[in-house]
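Undergrad: Take a look at the following structure, please.
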């Protein structure tokens, strides 16, 4: 049985005081559950403060990105060892905004996946198609290519420990959401690909989140699909009143 993971990707939002205040609100209004796992991924400059507020709680800390080497002359970058040292459990890799805006390739994402696993971080590896690609009937090809490239060289044991996040680019921050049937179709296809790449046992262990304008009013139906194992939540994770109902929907 795969335990759903609800992770909040705060992106480049909130300041220090509002970040810590949000954590206190989440902790005040939620309790640990054996039915759902929760994580928040603040901007890197607030990882220390948010991590301190989370320490000893049921909510895990995650980062939004990392570099693929442990140390060196890489101005402006943060290594997986640093994230682990500050208390991170998760790290988001290959988010569509980094692929689209920063030009990250599957090869670069793959390097980061291996580096994250090496230091004991759990990668949340994002894949997804643009609107043009969906309308051209390329969803399956695009998502499969991203998965194959981003997960290249992993052992079955390593693959079992990652999280995948299917995020249709056309649904991120637009208010549009893939229907539960559309999302489930892609999630099922990803699991079939994982079976081909790593074997059935591993494929059944990998959690595949959905991301793309997940909100309180659509979360339950999305999360009820057999191959959707949680959500990577953007805007709705910035307020307790909109994030908590999504967590409840997974439990």
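Nothing in this text is a laboratory measurement; each read-out follows from the coordinates by a stated rule. Small disclaimer: the values here were computed from a predicted structure and weren't measured. Positions of Cβ are backbone-derived with ideal geometry, glycine not excepted, and every protein chain shown enters the neighbour counts.
Undergrad: How high is the relative contact order of the range 1-153, in percent, counting Cα pairs under 8 Å that sit 6 or more residues apart?
TA: Relative CO of the range 1-153 lands at 18 percent.
Undergrad: How far, in nm, would the chain grow between residue 176 and residue 2 when pulled straight, counting 0.36 nm per residue and subtracting the alpha carbon separation?
TA: Here the answer is 59.9 nm.
Undergrad: Taking a ≥ b ≥ c as the square roots of the Cα gyration tensor eigenvalues, with a/c under 1.5 meaning rounded and otherwise prolate when a/b beats b/c, else oblate, which class fits the chain?
TA: Values: a/c = 1.43, a/b = 1.12, b/c = 1.28.
Rounded shape, in that the Cα axes give a/c under 1.5.
Undergrad: May I ask you to sort 86, 208 by Cβ crowding, counting other Cβ atoms within 10 Å and putting the fewest first? Walk me through the numbers before you get to the answer.
TA: Details: 86 16, 208 24.
Ordered by Cβ neighbours within 10 Å, fewest first: 86, 208.
Undergrad: Pick from 101, 238, 61 the residue whose mean-square fluctuation is largest in a GNM of the chain, springs joining Cα atoms under 10 Å.
TA: Judging by the Gaussian network model, the answer is 101.
Undergrad: Something else now. So what's the back-of-envelope 222 nm ellipticity for the chain, counting only DSSP H runs of four-plus at -39500 (n - 2.57) apiece and dividing by all residues, rounded to 500? Please report the intermediate quantities before stating the final value.
TA: Working: 12 runs with 113 residues, N = 251.
Using -39500 (n - 2.57) per qualifying helix, the result is -13000 deg cm²/dmol.
Undergrad: Could you calculate the FRET efficiency of residue 100 with residue 73 from 1/(1 + (r/R0)^6), where r is the beta carbon distance between them and R0 is 35 Å, rounded to 0.05?
TA: Working from the Cβ atoms, E equals 0.80.
Undergrad: Could I ask something else about it? Between residue 225 and residue 35, what is the label-to-label distance in nm when each label sits 7 Å out along the Cα-to-Cβ direction?
TA: It works out to 2.1 nm between the two label points.
Undergrad: Taking Cα centroids, how far is the range 1-74 from the range 132-175 in Å?
TA: A separation of 23 Å, based on Cα centres.
Undergrad: Taking square-rooted eigenvalues a ≥ b ≥ c of the alpha carbon gyration tensor, is the range 133-228 rounded, prolate or oblate, where a/c under 1.5 means rounded and, failing that, a/b exceeding b/c means prolate? Each step should come with its number before you reach the end.
TA: On the way: a/c = 2.13, a/b = 1.50, b/c = 1.41.
The shape class here is prolate.
Undergrad: Specify whether the C-alpha gyration tensor of the range 28-137 places it in the rounded, prolate or oblate class, a ≥ b ≥ c being the square roots of the eigenvalues: rounded for a/c under 1.5, otherwise prolate if a/b is larger than b/c and oblate if not.
TA: In terms of gyration-tensor shape, oblate.
Undergrad: By counting other Cβ atoms within 10 Å of each Cβ, how are 187, 58 ranked from fewest to most?
TA: 58, 187
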